[in-house]
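The values are calculated or read from the model by the stated rules, or taken from the named source; none is laboratory data. Here the structure is a predicted model, which means the values were calculated and not measured. Virtual Cβ from ideal backbone geometry, glycine too; neighbours counted across all protein chains shown.
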Amino acid sequence: MQTLADELRNTTSIKVNSLNPGGTRTSMRRDTYPAENPAAQPTAESIMPVYLYLMGKEAANITGRALNVREFDSADLKTHKLTQVLGTIYTQLKRADGLRIEQDLQLSQLQIL
């Protein structure tokens, strides 16, 4: 991931990062860790603002990094209005379509700005 980020840094606007969401409240996690209190883990919807933030202009200089969702400052994310709007839209669409996120999110971000 870091090598690809270095190769693309000066030749394109593509950003390359890896984002570790940590334990996330999903049915797969519930089945794997039945003794764990599900309320102790964030929902996929609650961590979506971090992904959206990384795809925004405010994070344009973040590339080549291995990031952890739980290390992001929630106050910074709350001030990012686009993130809030897109997070709300995502939640509404998910409910409207009856979609369920069945796996822990393991995402490497590639973004073309």
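Tabulated results
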item	result
Search result, residues across the range 57-75 that are modelled with pLDDT under 85, crowded, with 16+ Cβ neighbours inside 10 Å and under 20 Å from Asp6 (Cα atoms)	Ala59
Residue count, the range 21-49 (criterion: modelled with pLDDT of 90 or more and in contact with a helix residue (DSSP H, G or I) (Cβ under 7 Å, 6 or more places away or on another chain))	9
Residues located in the range 16-41, provided they are out of contact with any Pro (no Cβ under 8 Å at 6 or more places or on another chain), without any contact (Cβ under 8 Å) to a residue 24 or more places away in the chain, outside any helix (DSSP H, G or I) and not small (Gly, Ala, Ser)	Tyr33, Pro34, Glu36, Asn37, Gln41
Residue check, Leu52 in a helix (DSSP H, G or I), of a type in the set (A, V, I, L, M, F, W, C) and modelled with pLDDT under 80	no
Enumeration of residues in the range 1-25 that are over 17 Å from the mean Cα position of the chain (by Cα) and charged (D, E, K, R)	Asp6, Glu7, Arg9
